[in-house]
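**Q** Please find one structure pasted underneath; my questions will follow.
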Amino acid sequence: QVQLVESGGGLVQAGASLLVSCAASGRTSTGRPTTAYAMAWFRQTKGEEREFVASISYSGRSTYYADFVKGRFIISKDNAKNTAELQMNHLKPEDTAVYYCATGGHPFNTGPDLMRSDEYEYWGQGTQVTVSS
């Protein structure tokens, strides 16, 4: 079974940077390693639906970003360590949310459906990011 563990959240001031990480372990129900799958970050605030932030293909060659983070956030993947990171720069108070890591779905997928939450089968517990004004 796949496990995802997020880390690195916290409280920062507006304009600051923060790095959140996701460590993956285990194999999917089909027996594939998690390195065969894209990884993504979504976020959610209380009372709101979970929204897409960024995703990266299994190889790391394709990335997708929500418009509201383009130019500020960078997603990366290290298959040797089985981790994904989200470097968040120029943080704004509206970036305050619980950030969730996700993986699974269709192996070796590189297309724009990597921005859809229903593409992902496994989710972490989330890490809180709070940006004060």
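The values are calculated or read from the model by the stated rules, or taken from the named source; none is laboratory data. Keep in mind that this is a model prediction, so the values were computed, not measured. Ideal geometry is used to build each Cβ from the backbone, glycine not excepted, and the neighbour counts take in all protein chains shown. What goes into the accessible areas is simple: the full protein's heavy atoms, side chains included, and nothing from ligands, DNA or RNA. Shrake-Rupley method; radii C 1.70, N 1.55, O 1.52, S 1.80 Å.
**Q** Take every Cα pair under 8 Å in the chain that's 6+ residues apart, average their separations, divide by the length, and report that relative contact order as a whole percent. Please list the in-between numbers first.
**A** Details: 337 pairs, mean separation 46.4, N = 133.
Answer for the chain is 35 percent.
**Q** How large is the Kirkwood hydrodynamic radius of segment 41-97, in angstrom, based on all distinct alpha carbon pairs? Numbers along the way, then the final one.
**A** Values: mean 1/r = 0.0819 Å⁻¹.
For segment 41-97, inverting the mean 1/r across all distinct Cα pairs yields 12.2 Å.
**Q** Chymotrypsin sites (Phe, Trp or Tyr not before Pro), restricted to segment 1-106: which are DSSP loop and have at most 11 other Cβ atoms within 10 Å?
**A** Working: sites: Tyr37, Trp41, Phe42, Phe52, Tyr58, Tyr64, Tyr65, Phe68, Phe73, Tyr99, Tyr100; in loops: Tyr37, Tyr58.
Sites meeting the loop and neighbour criteria: none at all.
**Q** Out of the trypsin sites (Lys or Arg not before Pro) in segment 1-92, which ones are loop residues according to DSSP with at most 13 other C-beta atoms within 10 Å? It would help to have the intermediate numbers written out before the result.
**A** Numbers: sites: Arg27, Arg43, Lys46, Arg50, Arg61, Lys70, Arg72, Lys77, Lys81; in loops: Lys46, Arg50, Arg61, Lys70, Arg72, Lys81.
Hits after loop and neighbour filter: Lys46, Arg61, Lys70, Lys81.
**Q** If you don't mind, there's one more thing I want to ask. Expressed as a rounded percentage, what relative contact order does segment 1-57 have, with Cα pairs under 8 Å and six or more residues apart? Before the final figure, lay out each step's value.
**A** Details: 68 pairs, mean separation 15.1, N = 57.
It comes to 26 percent, rounded to a whole number.
**Q** Something else now. Rounded to whole Hz and in sequence order, give me ³J(HN,Hα) for segment 119-133 from the Karplus expression 6.51 cos²θ - 1.76 cosθ + 1.60, θ = phi - 60°, writing x for Gly and Pro.
**A** 6, 9, 9, 10, 10, x, 7, x, 9, 7, 10, 10, 10, 8, 8
**Q** Whole-Hz Karplus ³J(HN,Hα) for segment 63-70, in order, using 6.51 cos²θ - 1.76 cosθ + 1.60 and θ = phi - 60°, x for Gly and Pro?
**A** So the Karplus estimates, Gly and Pro as x, are 10, 9, 9, 5, 4, 6, 10, 4 Hz.
**Q** Given a 1.4 angstrom probe, what's the average accessible area per residue across the chain, in square angstrom? Present the calculation step by step, with values, prior to reporting the outcome.
**A** Numbers: 6710 Å² over 133 residues.
I get 50 Å² per residue for the chain.
**Q** Here's something else I'd like to know. Binned at 5 Å from 0, what are the whole-percent values of the Cα-Cα distance distribution for segment 11-133, short to long?
**A** Percent of Cα pairs in each bin: 2, 12, 23, 25, 19, 11, 6, 2, 0, 0.
**Q** Something else: In whole percent, how big is the carbon plus sulfur part of the accessible area of the chain, probe 1.4 Å, protein atoms only? Intermediate results must be reported in sequence, preceding the final value.
**A** On the way: 3170 of 6710 Å².
Its accessible area is 47 percent carbon and sulfur atoms.
**Q** Only sites in a loop by DSSP and with at most 12 other Cβ atoms within 10 Å count here; which GluC sites (Glu not before Pro) in segment 1-69 make the cut?
**A** On the way: sites: Glu6, Glu48, Glu49, Glu51; in loops: Glu48, Glu49.
Those satisfying the criteria are Glu48, Glu49.
**Q** Please list the non-local residues whose amide H lies under 5 Å from the amide H of Lys92, H modeled 1.01 Å from N, same-chain partners needing a gap of 5 or more.
**A** Under 5 Å from the amide H of Lys92: Gly15.
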